[in-house]
Ligand code: SF4
Ligand code: SF4
């Protein structure tokens, strides 16, 4: 089944919620609509700054040096799922959030994998 990429389903941290099984199963509304995710500093920081994602942030040359972005949960997440949200953000910067959402939908992948 081919998914249609939706840019609004790109999370603040670069995850593509549209390809996440929690979203497709209906157990999570996706980052943007998940108002219960008050624990997430990435989500609240991007909201405060008026950004869609951290890809728009110019505060850090390397997003990994942002302690909100690179927190204990994200380190754990990256280790367990071999995910590379930094690479996802770099791709968003390169091709734009629209094309990124379609690429991730085509691959049925919520986040790029570490190589
Ligand atoms: S970790 Fe935070 S920014 Fe990323 S999808 Fe979850 S709530 Fe959204
Ligand atoms: S990189 Fe850090 S400071 Fe910049 S928007 Fe993301 S969480 Fe906020």
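Rule-based calculations on the coordinates, nothing more; no lab input. On a predicted model such as this, the values are computed, not experimentally measured, just so you know. Cβ coordinates were reconstructed from backbone atoms using ideal geometry, including for glycine residues, and neighbour counts include every protein chain displayed.
Assorted remarks:
- Counting neighbouring Cβ atoms within 10 Å and putting the fewest first, the residues 33, 103, 94 line up as 94, 33, 103.
- Here the Gaussian network model covers the chain, with springs between Cα atoms less than 10 Å apart; of 47, 68, 25, 25 fluctuates the most.
- Against the main long axis of the alpha-carbon atoms of the chain, helix 85-95 sits at an angle near 70°.
- With N counted as the residues of the chain, its alpha-carbon radius of gyration over 2.2 N^0.38 Å works out to 0.98.
- Listed residues 55, 37, 11, most fluctuating in the chain (Gaussian network, C-alpha, under 10 Å): 37
- Descending principal axes extents, the stretch 1-58, alpha-carbon based, whole Å: 37, 22, 11
- C-alpha center-to-center spacing [the stretch 63-115, the stretch 1-59] in angstrom: 11 Å
- Measure of compaction for the stretch 62-115 (Cα Rg per 2.2 N^0.38 Å): 1.15
- Put in line by how crowded their Cβ is, counting other Cβ atoms within 10 Å and starting with the fewest, 9, 3, 79 read 79, 3, 9.
- Helix 72-81 and the long axis of the chain differ in direction by around 40°, with both axes built from C-alpha atoms.
- Listing 23, 100, 51, 16 from fewest to most neighbouring C-beta atoms within 10 Å gives 51, 23, 100, 16.
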